[in-house]
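The structure appears below as structure tokens.
The values are calculated or read from the model by the stated rules, or taken from the named source; none is laboratory data. Computed from a predicted structure; not experimentally measured. Here the Cβ positions follow ideal geometry from the backbone for every residue, glycine too, while neighbour counts run over all protein chains shown.
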Amino acid sequence: MNDILPEDMHHWHRLEKVAEQTFTASNYEEIRVPLLEKTEVFTRAIGMATDVVSKEMYSFDDRNNESLSLRPEGTAGVVRAVLQNGLLYGPVRRLWYGGPMFRYERPQKGRSRQFHQIGAELFGAPGADADAEILALGTQLWQRLGLKKLRLEINSLGNADERHVYRDQLQAFLRGHRAELDDDTNERVERNPLRVLDSKNPQVQALLENAPLLMDQLGEESSDHYQQLKNYLDLLGIEYHENPRLVRGLDYYCHTVFEWITDELGAQGTVCAGGRYDSLVEIQGGKPWPGIGFAMGKERLVELLRQKNGTAPVTPHAYLVAVGEGSTESALKLAYDLRAGCQHLRLVNNLNGGSFKAQFKRADRSSASLALVVGEDEIQNGQVTVKFLRSNEAQLTLERNKILDWIRSYIDSI
């Protein structure tokens with residue numbers, strides 16, 4: 001579980017701000033759900049045979065001997081929340097969420113045991129137009145962030161009956177090649193054979209070239225849904241790649257599934273993934289109600305933003321230098337007034353005293369563009385001296401009651 005350090009926070013803030021703006025523009029409302037849920041919220045929704053439930057959840061019994069778990073993903077908790085709070089079974093409901101998730105897995109670049117997601121969920125629309133809206137939402141977010149090298153892959157998992165027939169076919173095929181598979185893959189064949197499809201083992205992937213395809217089991221309704229989605233994506237000009245072996249790691253998915261993938265993060269290439277989950281509301285105890293959504297990994301997106309934009313921290317506009325009798329009080333009042341009057345101002349107030357020379361060294365190390373000087377002469381004359389630390393412009397001496405307007409104009413000009 002990693003610390004997020006100050007030099008990266010501007011990337012996190014930008015991602016969060018752009019995501020909120022993008023979701024709000026499509027009328028998605030924010031919902032916040034607990035980090036901790038009853039374990040059954042996840043075991044029912046995700047499936048006991050998945051790695052997430054069987055190997056990766058942080059679960060424990062509380063003082064009432066009730067099993068609780070830190071959330072390993074967001075969708076199951078959101079579904080629990082909308083059911084419990086009566087938010088379904090009316091008009092289409094569009095929601096988004098964000099926050100930390102927890103899985104006990106091997107940490108590596110772009111993957112840690114506490115990780116952060118932003119997700120969007122759309123309830124009450126069974127058609128392919130809802131799938132297209134969700135995919136357009138993600139596409140618009142990447143455009144606003146300036147991330148151009150993300151590849152969208154799509155597939156259809158069909159309905160539960162089609163998937164059950166395919167599961168038996170795939171399991172039979174893989175059992176016929178048991179001697180060629182490692183122990184972990186053979187265990188997965190028995191528990192959840194669809195998970196073998198996204199194995200990272202090159203030998204397994206080579207074997208799967210001859211495996212049956214789920215696409216061949218799709219009935220007319222599932223095929224029509226998938227084709228309509230592709231028609232909508234073509235209409236919107238959203239580029240996509242069909243991946244007939246794309247599956248999702250959670251049992252509740254059906255019909256459309258998708259991932260956005262990058263080649264710039266090594267093995268951890270998926271930055272956003274999701275799909276349709278029309279049975280999940282019923283699994284969680286409600287009446288059947290369709291849903292579709294996605295979740296993106298913030299750590300991986302921040303890494304892409306870091307690679308694209310560097311790690312330069314946000315620097316202050318000004319450093320307030322104060323020396324002489326009464327200067328501390330005067331500087332505190334000036335800083336308070338300037339911050340109150342200019343909400344975008346980034347101003348550092350000198351602490352721990354020091355000579356003019358010492359304070360100017362601190363001002364220079366802060367990377368501030370300006371030094372605002374309050375000395376005994378400035379206090380006596382009701383003035384503030386402005387020194388430009390990153391240019392050769394001549395210093396200014398301004399009346400104290402004019403400095404706020406000047407600072408506002410300065411910030412607007414840069």
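Does any residue of segment 245-257 turn out to be assigned by TED's automatic domain parsing to the domain that holds Leu147, surrounded by fewer than 19 Cβ atoms within 10 Å (Cβ to Cβ) and either more than 26 Å from Tyr28 (Cβ to Cβ) or within 26 Å of the chain's Cα centre (by Cα) (or both)?
Initial filter on segment 245-257 (assigned by TED's automatic domain parsing to the domain that holds Leu147): 245-257.
Those left that are additionally surrounded by fewer than 19 Cβ atoms within 10 Å (Cβ to Cβ): 245, 249.
Narrowing the set further to residues that are either more than 26 Å from Tyr28 (Cβ to Cβ) or within 26 Å of the chain's Cα centre (by Cα) (or both) leaves 245, 249.
Yes: segment 245-257 contains one or more residues that are assigned by TED's automatic domain parsing to the domain that holds Leu147, surrounded by fewer than 19 Cβ atoms within 10 Å (Cβ to Cβ) and either more than 26 Å from Tyr28 (Cβ to Cβ) or within 26 Å of the chain's Cα centre (by Cα) (or both).
Can you tell me which of (1) of a type outside the set (Ser, Thr, Tyr); (2) under 30 Å from Glu303 (Cβ atoms); (3) out of contact with any helix residue (DSSP H, G or I) (no Cβ under 9 Å at 6 or more places or on another chain); (4) in the same structural domain as Arg248 (by TED's automatic domain parsing) is the one Ala130 doesn't meet?
For Ala130, the failing item is (2).
Only one of Thr185, Thr270 is under 22 Å from the mean Cα position of the chain (by Cα) and either polar (S, T, N, Q) or not assigned by TED's automatic domain parsing to the domain that holds Arg106 (or both); which?
The match here is Thr270.
I need the full set of residues from segment 48-104 which are in a helix (DSSP H, G or I) and under 15 Å from Gly291 (Cα atoms), in order please.
Here is the first cut: in segment 48-104, the residues in a helix (DSSP H, G or I) are 51-56, 75-84.
Within segment 48-104, Thr75, Ala76, Gly77, Val78, Val79, Arg80, Ala81, Val82, Leu83 meet the criteria.
Would it be correct to say that Asp224 is outside the structural domain of Asp263 (by TED's automatic domain parsing) and farther than 30 Å from His13 by Cβ?
Numbers: outside the structural domain of Asp263 (by TED's automatic domain parsing): no; farther than 30 Å from His13 by Cβ: yes.
Judged against the criteria, Asp224 is not a match.
What number goes with the only condition from (1) outside any helix (DSSP H, G or I); (2) over 30 Å from Asp131 (Cβ atoms) that Gly158 does not pass?
The single condition Gly158 does not satisfy is (2).
Every residue, every condition in (1) assigned by TED's automatic domain parsing to the domain that holds Trp96; (2) in contact with a helix residue (DSSP H, G or I) (Cβ under 6 Å, 6 or more places away or on another chain); (3) surrounded by fewer than 19 Cβ atoms within 10 Å (Cβ to Cβ); (4) not in a strand (DSSP E or B), yes or no:
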| residue | (1), (2), (3), (4) |
| --- | --- |
| Arg106 | yes, no, yes, yes |
| His116 | yes, yes, no, no |
| Glu121 | yes, yes, no, no |
| Gln140 | yes, yes, yes, yes |
| Lys148 | yes, no, yes, yes |
| Tyr166 | no, yes, no, yes |
| Glu190 | no, no, yes, yes |
| Gln205 | no, no, yes, yes |
| Pro212 | no, yes, yes, yes |
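Report, by residue number, each residue of segment 362-398 that is assigned to a helix (DSSP H, G or I) and under 39 Å from the mean Cα position of the chain (by Cα). It would help to see each step written out before you state the result.
Looking only at segment 362-398, we keep the residues that are assigned to a helix (DSSP H, G or I), and these are 362-365, 376-381.
Residues satisfying the conditions are Arg362, Ala363, Asp364, Arg365.
Within segment 2-34, how many residues turn out to be within 15 Å of the chain's Cα centre (by Cα) and assigned to a helix (DSSP H, G or I)?
16
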